[in-house]
Every structure is written in structure tokens, then in C-alpha cells.
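Contents: one structure, followed by commentary.
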Amino acid sequence: MEIQPDQEKLRLYSEAKLKLADRLRVMREAFKAMGHYSLEQQCGDLMVKLAEDRFTLAVLGQFKRGKSSLMNAILGRKLLPTGVLPLTSAITILTYGPKERLVIERYNSAFKEEHPIASLPDFVTEDGNPANHKKIKTARVEFPLPFLRRGIEFVDTPGIGSSIAANTVTTYNYLPECNAVLFVTSMETPMTSLELEFLRDIRTFVKKIFFVVNKADLLGEEERGSVVEFMAGTIRKESWSETLKIFPVSALSGLKAQLNSNPELYCQSGIGILEDALTSFLSEEKMNTFLSAIAQKAIRMLDGEEILGKLRTDLMHLYDDIQIGSFSEKQGMEESFVFSTEHEDMETSVISPTKFKVPDFNSDLNIRGCPVCRHMTECAADFFIYWQNKIATDEKAQEYFATEHGFCPMHTWQLMAVTSPQGASLGFPKLAGYLARILNKGSTNNIDGLWIQELIPDSGTCRVCNTLKEVEDKYILKLTEFIADGTGLEQYLGSQGVCLHHLEKLVAVILPGSTREIVIRHAGKRLDETAEDMRNYSLKRDALRRSLLNSSEEDAYMRAVVHIFGDRMVCMPWPRDRYI
């Protein structure tokens, strides 16, 4: 069993931050459209602050207090080297990453190096790097730990007061980088004069300090209480007005509990209480300060902008939720706030982006492939160009996209072909979140899991498939009308004709009579010619006579595939496939 602190508060903080970013993005686009370029820039600056949201939580203390052991207990893994010898004068930073890796930065090099995590002691211990002769500035460990996921840097610093003077200097130089501190002392000799002096210096740079007394397992409950009381009294003499909370912990017991999945020992170690306090601080207090300040600035920017009044109201609601710490993710799709300079019916524009183009048969029947497929391909291209912009900028379109579960797999990948990583990252979150909520709820009536396949659209439910089927049907009708005229039929017979799939549809709507037979025989004739062209192509290639090839022989293989199977851009899973 994996033992971890409750991450819900940190997740809600992240959700609030991203919702605020969504509103700023809408504001920026609105100010750009309105010509308010200064306000557009201000929105961009606020988004930069949100993107750079990074919080440095450093573990500080005197040499041999168990700082690295405490971090290992929180991580649930013996990752950082520990021992009786001091670490070398290098900073070890733990950050979130999708996979474990160690990145080394040296003082004398502009290039970063990647090494196996197992080699960390070679860079940050006296045994592996005596007197820091390897010139290590930082050792950054990327680790897939939920605790680190929301922009938290968990930093292990060299202990002060050891025989290595450079360790103390390195630690003091790092103090301006800290946003909050875990100050670690021990039950053996808590709050020495050196530690008190160090605390005064820390206080100059950092306001939030978590006081941790390690090695609580060395003393009984009554003795631990006395040490905590003594420590609290000593700190209060420094005239610190904040309400003190001191956390007695046993880092060794906490790590042992994590490694052996022992909840009882984990609770006794005190690590869980400390982690809960950290997550509450990192979510609630950050939300009440960092996010509140950005939300306030955004609201002030909307003062006097009547056209954006609805957006301002939404921001004020979001600000209130942040202030009281009651922000929670809404179930289902949220109301959207879309700015548009065009007063159009949003639902109509989102649902019907592709208008039917009047066919130009004089041009269409001169192509080498299927004219119906070519027309559908052009409409599909217009659709994807329209849609990739729509879901990147329009929340209403994102909601339609999500509630319809996106497109079928084939058309999703065609959309991705014209969408940038940024566009996909803007357009797909609502879809992913919507499906996540469905999966999290599960289904009590379909415990076999077969209902999951219904989450993926097929040709019957995909918006693109249905749009192209409508385009296809209309084009076939127009083509039928065209060849009903003698001149039109003559022009058709001079072309390559349509693919077999569209031949079936064309013949189905042609009135019974000789025209049907003529159109079918024409398809057979063209396939015979194509087969002959392909064989001639192979013969001339084998005989090393490529110069004798004509254009019909060179593209015959492609014509054969297109006219038998349809163009690759519109070759959809036709309805009959659903029953295979």
C-alpha cells in the first residue's frame, strides 16, 4: 500500500490557477480584437506569472540533524544520501519529472549533464566529491512524485556548522531563493545558539518556517513533550509573533513505514501530520496570496469594459472562491465566456462550420482521382482549418468537442495534422477532463467495462464523418443531375470517373435505364486501362527503360488504389464496417 499525503488541496490549487489562466487568455484575445494593446500586454504579463508559478521549499538546519533522512521519509524512498559525514557544498533540488533522472550543473560549465540517479552520491557527498572539487553548483533530481507536481522545488541544503566552511557559505547564499523553510533540529540537542543565530538570518529572507524536531523515536512521549515546550519557549524569546507549531517526527520510522507499507508506524512517525500541514500551506496560503493578487489585477483591468461584463462577473466569483478557499471543480461542463467581435449565433457557427460548395464539374472531372473524394477532401481541409482555430480560441467549441467525445480516431489524427502543440493543449483539456469525470464515476450497470468503447466516437457519431457524409450525398445528387444531360454524360465518360464506393452511391440514384449500364461499364473500362498501365510501368522499370514511361503509367498504381478504395483523406469506416 502506498502512503501519501492528501493531494486534493494541491490539485484544487492547480485547477484554480488554470481556470484563472483560461480567463486571462480570453481577456487577452478580447483586448487584442478591441485594439487595447496595453491591456493585452498586461494580460500576457499575468499569464507569465502564472506559468512561472514555482515554490521553493528548502530544508535547512545544522549538520547531522537528519535533513536528508526527513526528505527521504517524505519522498517514501531512500533517494538522498545520508550518513555521519557531512554532505559536500552542493545544493540538491528535487523537482517533478515524468521519469527519474539526475541533472548536474557545474560552476565552471554552461552545459548541464544528465546522469543516473544512483550516481547522486558521487556529486553531493564528501566520499564522492571531497571539498566539492568537481565544482558542483546544483544536483537536480527529477522525480514523478505527486507532492512535487504543482511547481514545488524541494531543496536539500548542506548543513551549517560542520568542519566544511564552504557548506555554511553555500547554504547562506541560497536563502534568498527560498519561499518557505523546513527548519530541522533534533531531540538530542534542540535549538543550540548556532541554530538560533541561523534562524534569525533565515527570518530575514523567509516568513514561513516549519519547525521540525527529528529523532523523536529516541525519547519517550513525556520527554518529547518537554523538548517541544523548551523549543517553543526558546523561539518565542526571539519575539516572533506568529503562532508556533512544532512537528516532532522520526524520519527513520517514517521512511521505514513508507517502504514497508505500514500505516500505523507511519502515523506514529509524525511524518503524515507534517505532510498534511505542508500540502495545506502550499495550496490554501498560495491560493489566498499568489492567485488572489493576479485575479484582483485582472478584475481591475476589466473596469469600465461593459462588453466584457460577464467575464468580469465570472472573475469576481472565481476570486471569491479563491479567497475563502472553497474553490472546487464543477461537475459537468461549466458556463463559457466567449468574446467575439461578430454577433453570430454561436451554436450554429460551431456546429455547421462547413458550407456546401457548388461543384465545378468542368474542373472536377479533369482530375486523375475520384472527383467526389476530391470535393470531400477540400471540405474536410476547410473543416479542420476552421475547427483547429475554433477549439484553440472558443470555449463554446471546446465544450461541444468535449460533450461529443471528440472525433473518431481517424479524423482526430487528421485534425492533429493541422494543429500545433499549443492549439491541441488549448483545445483538448475539456475533452480529457470530461472523459475523466465519466471514467471516475464508473458504471454500476456495466461492470464488464464494455461501456468504455462508447466513449470513442465512430462513423455514426463523429461530427466530421457526418459532415462529410452530408457533403458526399449532396455532391452525388449534383453529379447525377449533371450526367442526366447528354453533354454532361459525355464529359463524365471522358474522365477517370468515381471510385467504387461512390459508384455504388451514384448508380443508386440514377434513374433506371441505359445510363446506369454506361456508367458501370465506364468504371470497368478505366480499371482495365489502369491495370494495363501498371503492368507497363513494371515492365519498363524492369527493363531499365524508365525514360519510356508516360504519365498515365507513372500514376497508375495510385489511381488504382483511389478508384478501388477511395482517397486516403476521406476513406472513412463506412457504416457496414460497424457490423464486422
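Every number in this text was worked out from the coordinates using simple rules, so none of it is lab data. As the structure is a computational prediction, the values presented were derived from the model and not from experiment. Using ideal geometry, Cβ is built from the backbone for each residue, glycine included, and neighbour counts are taken over all protein chains shown.
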Hand me the tally of lysine pairs in region 471-580: alpha carbons under 25 angstrom apart, and the pair either on different chains or 8 or more positions apart. 5
Note down the nm distance, to one decimal, between modelled labels 7 Å out along Cα→Cβ at residue 165 and at residue 481. 9.5 nm
Sum of side-chain charges, residue 493 neighbourhood, beta-carbon under 15 Å (Lys, Arg +1; Asp, Glu -1): -2
State to the nearest 20 debye the size of the charge dipole of the chain about its Cα centre, where the only charges are +1 on K and R beta carbons and -1 on D and E beta carbons. 1140 debye
Scan the chain and report its longest stretch carrying no GluC sites (Glu not before Pro) that are both in a DSSP loop and have at most 11 other Cβ atoms within 10 Å. 345-580
Taking region 433-551, the equivalent ellipsoid from its C-alpha gyration tensor has semi-axes in Å, biggest first, of 44, 26, 12
Compute the FRET efficiency between residue 112 and residue 564 as 1/(1 + (r/R0)^6), taking r as their Cβ-Cβ distance and R0 = 56 Å, and round to the nearest 0.05. 0.55
Please get the size of the charge dipole for region 475-579, origin at its Cα centre, with Cβ charges of +1 on Lys and Arg and -1 on Asp and Glu, quoted in debye to the nearest 20. 280 debye
Per DSSP H run of at least 4 residues, take -39500 (n - 2.57); add these up for the chain, divide by its residues and hand me the 222 nm value, nearest 500 deg cm²/dmol. -16000 deg cm²/dmol
Length gained, residue 256-residue 303, 0.36 nm per residue minus C-alpha separation, equals 11.3 nm
May I ask you to derive the FRET efficiency for residue 313 and residue 357 from their Cβ-Cβ distance with R0 = 45 Å, giving the value to the nearest 0.05? 0.60
Please enumerate, by chain and number, the lysines with C-alpha under 19 Å from the C-alpha of residue 430, excluding those fewer than 8 residues away in the same chain. 17, 19, 330, 390, 396, 441
Give the calculated FRET efficiency between residue 54 and residue 542 to the nearest 0.05, with a Förster radius of 51 Å applied to their Cβ-Cβ distance. 0.20
I need the fraction of alpha carbon pairs in region 350-465 separated by more than 23 Å, rounded to a whole percent. 40 percent
Could you give me the ³J(HN,Hα) list for region 119-133, computed from phi with Karplus coefficients 6.51, -1.76, 1.60 and θ = phi - 60°, whole Hz, x at Gly and Pro? 8, 3, x, 5, 10, 10, 10, 5, 5, x, 8, x, 6, 6, 5
For the chain, build the charge dipole from Cβ charges (+1 Lys, Arg; -1 Asp, Glu) around the Cα centre, then report which of 451, 75, 527 sits farthest towards its positive end. 75
Total charge dipole magnitude, region 55-269, about the Cα centre, Cβ charges on Lys, Arg, Asp, Glu only, Debye to nearest 20: 520 debye
Sequence-distant residues sharing a close amide H with residue 125 (under 5 Å, placed H): 88
Convex hull volume per residue for the chain, taking Cα atoms only, in Å³: 253 Å³
Beyond 21 Å between alpha-carbons counts as too far, so tell me which of 207/297; 49/135; 208/256; 112/137 fall in that bin. 207/297; 49/135; 208/256
Around residue 168: net Lys/Arg minus Asp/Glu count, Cβ-Cβ under 13 Å: -3
Could you tell me the distance between the Cα centroids of region 455-475 and region 523-537, to the nearest Å? 32 Å
Residues in region 293-311 that a label on residue 45 would reach, taking backbone N under 18 Å of a point 7 Å out along Cα→Cβ: 293-303
Furthest towards positive pole of dipole, 301, 480, 267, structure part the chain, Cβ charges: 267
